[in-house]
Amino acid sequence: MRRLTWVALLGALASAGIARSETYWIEWNGSDWPENMDPPWIRNWGNWQGQYQGGAYRTLENGILTYDSLYDPGVFDSYEMHRPGAVDPGPGEVFLAQWKLWTEQAVGWYDPGLGFQSDQAWGVGLAFDDTSVFSVYEQSVIAYIEPGQFHEFALWSSDMRSYQLDVDGAPVAEGSMSQGISTSWFFWGDCVQGAASLHHWDFARFAVLVAPQSGDVNCDGTLDFADINPFVQALSDPSGYQDMYPMCWPSNGDVNEDGTVDFGDINPFVAALLGQ
Amino acid sequence: MLSRALISLLALGWLSGLASGQNLIREWTGASGYRIFETTVWIDAPGTYKFQATDPNGPNGLGVIDHILLDANCPEGTVNVYVLRDPNEGGGYGAKGVGEINLKKTGVETNIMDVLTTVNLAYLDMIQADTISGDIGTPDIGNDITVDYLGAPTSCATICTPWKSCTAPAARSRPASPSPATGAMRARI
């Protein structure tokens, strides 16, 4: 199923030109409090009584940010970043949000949450409990998840109108963005007033990337001789390759589309490189 | 003459440039029974709710409420909604804009009371409730306002704009008769 998704995406973008290659421009990776990152995330917190009152109990240990707001459902405590004019993907690019989250307990409703709004004010808002993901603006549960553990989520879109949600590497839902009023920003954390939760974040990041392209293993937007050495490294030293090209789509090296990057991809890679 | 769509778009664009994450929605009477996710409010239970949206970067320090919605699981009863600034903070206009109010649900009597916004109202979707009983004050209305009963001295003329036509309300009976000044009516404004 995932392969079909990528193939569909590639097909949709086949006629589009490659605009640019960017690394993640928004990331929290657990190395410090989000407000201490460069650029800093803005902490937006408060409770029923207003901003900068209350807030969740927060700890940062071993790269994991834990929120505990179970003592007060009126608490909100989230992070946000504004990127005016820089959210939407151009031709040949894909918007990607990735985050790793464990919602250990949620009381009252879905909490925590994550979302963004595009440069044209189209957005997605997701809220979580221990067993499901709720699309706030679509008013529906869009996926169920296994409780009691971290899950890695990915949401991506090439047009900022529709999106796909993946959980632990598998596509679980497709949705439509809703129009709001705010533009060009991202948020995540204990987002909901009226619900309380105990939850843990490993990372959260938002990116515009060059769209996946078979064989483009250095992710510069083209398949050419500059991909040879990265391709060899992807085969011989996968972890080193990932360290070298963390922004690259893993599927780019799977040229024969069998689900893995291995020696079976060599001949198709060479053929694609030579334009055969 | 600018079309209504273009004017709405311009208003939306102006608003969107100002909206930010410092936007804070707050219910200032101390009521419980609602939830807020960023710029969306859900009402979960009958009661009276008075919301405001503030933003230190917004004009007059006001922010936006994109949606005020009645949760599908709200029990039977009466819901009254205001958008006003907390009197302890000076009172008056409660938000820069309110994008949508949808309070329609069988078994819940919903009443929009005073909704005062400095820029616009209904810029995302319609305003829907059983009754409007208060003052709707805004320079711009983007979408229809649909209520079963217009039960306050809120006249069509005051909330219509030059590019928005008004349709004559159709008479409709109601067990409890509203004030003679406004009559029982179904208003689609």
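Numbers below:
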| quantity | calculated |
| --- | --- |
| Strands (runs of 3 or more DSSP E) wholly inside the range A:92-170 containing at least 1 residues that are among the β-branched types (V, I, T) | A:93-107, A:122-128, A:132-135, A:140-144, A:162-167 |
| Single condition B:I36 does not satisfy, out of (1) under 26 Å from A:V107 (Cβ atoms); (2) of a type outside the set (F, W, Y); (3) assigned to a loop (DSSP other than H, G, I, E, B); (4) within 14 Å of chain A (Cβ to nearest Cβ) | (3) |
| Every pair of residues 6+ apart whose Cβ atoms lie under 6 Å, when the first sits in the range B:112-129 and is of a type in the set (D, E) while the second is surrounded by fewer than 20 Cβ atoms within 10 Å (Cβ to Cβ) | B:D114/B:D135; B:D125/B:N143 |
| Conditions (1) closer than 29 Å to A:W33 by Cα; (2) open to solvent by less than 40 Å² (accessible area, probe 1.4 Å); (3) without any contact (Cβ under 8 Å) to a residue 40 or more places away in the chain: number failed by A:Y245 | (2) |
| Top-ranked residue in the range A:79-107 [being surrounded by fewer than 18 Cβ atoms within 10 Å (Cβ to Cβ) and either small (G, A, S) or not assigned by TED's automatic domain parsing to the domain that holds A:N36 (or both); ranked as nearest to A:P212 (Cα to Cα)] | A:G90 |
| From the options A:D111, A:D168, A:D129, A:D190, residue that is of a type in the set (D, E), more than 25 Å from A:I42 (Cα to Cα) and not assigned by TED's automatic domain parsing to the domain that holds A:C248 | A:D168 |
| Count of the range B:120-140 residues which are under 18 Å from A:I181 (Cα atoms) and in contact with a helix residue (DSSP H, G or I) (Cβ under 6 Å, 6 or more places away or on another chain) | 3 |
| Candidate set from the range A:69-78 (those that are in contact with an Asp or Glu (Cβ under 9 Å, 6 or more places away or on another chain) and not aliphatic (A, V, I, L, M)); member that is most open to solvent (accessible area, probe 1.4 Å) | A:P73 |
| Residue selected from the range B:51-98 under the condition part of a loop (DSSP other than H, G, I, E, B) and under 13 Å from the mean Cα position of the chain (by Cα), by the criterion farthest from A:Q117 (Cα to Cα) | B:G94 |
| Any hit, the range B:99-116, residues being small (G, A, S), closer than 30 Å to A:T183 by Cα and not in a strand (DSSP E or B) | yes |
| Hits in the range A:117-145 - residues which are open to solvent by 60 Å² or more (accessible area, probe 1.4 Å) and free of Cβ contacts under 8 Å to residues at least 12 places away in the same chain | A:Q139 |
| In the range A:145-159, the residues that are under 14 Å from A:V124 (Cβ atoms) and either within 14 Å of chain B (Cβ to nearest Cβ) or more than 15 Å from the chain's Cα centre (by Cα) (or both) | A:D159 |
| Among (1) open to solvent by less than 30 Å² (accessible area, probe 1.4 Å); (2) within 13 Å of chain A (Cβ to nearest Cβ) - the single one B:D44 does not satisfy | (1) |
| Extreme residue, farthest from the other protein chains (Cβ to nearest Cβ), among residues of the range A:46-84 that are without any contact (Cβ under 8 Å) to a residue 40 or more places away in the chain and in a strand (DSSP E or B) | A:E61 |
| Test: residue in the range B:66-77 that is within 13 Å of chain A (Cβ to nearest Cβ), open to solvent by less than 30 Å² (accessible area, probe 1.4 Å) and either farther than 17 Å from B:L103 by Cβ or in contact (Cβ under 8 Å) with a residue 60 or more places away in the chain (or both) | no |
| Subset of the range A:85-111 [within 12 Å of chain B (Cβ to nearest Cβ) and in contact with a Gly (Cβ under 9 Å, 6 or more places away or on another chain)] | A:G108, A:W109, A:D111 |
| Hey, A:L114 under 20 Å from A:N29 (Cβ atoms), among the aliphatic types (A, V, I, L, M), surrounded by 20 or more Cβ atoms within 10 Å (Cβ to Cβ) and within 14 Å of another protein chain (Cβ to nearest Cβ) or not | yes |
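Matching residues to (1) outside the structural domain of A:Q51 (by TED's automatic domain parsing); (2) farther than 30 Å from A:L60 by Cβ; (3) touching an Asp or Glu at 6+ places or on another chain (Cβ under 8 Å); (4) surrounded by fewer than 24 Cβ atoms within 10 Å (Cβ to Cβ):
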residue	(1), (2), (3), (4)
A:A173	no, yes, no, yes
A:L198	no, no, yes, yes
A:W201	no, no, no, no
A:R205	no, no, yes, yes
A:T222	yes, yes, yes, yes
A:F225	yes, yes, no, yes
A:P230	yes, yes, no, yes
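The values are calculated or read from the model by the stated rules, or taken from the named source; none is laboratory data. Treat the numbers as computed from the prediction; the structure is a model and nothing was measured. We place every Cβ from the backbone using ideal geometry, glycine too, and count neighbours over all the protein chains shown. Calculation scope for accessible area: heavy atoms of the full protein, side chains included, ligands and nucleic acids excluded. Shrake-Rupley method; radii C 1.70, N 1.55, O 1.52, S 1.80 Å.
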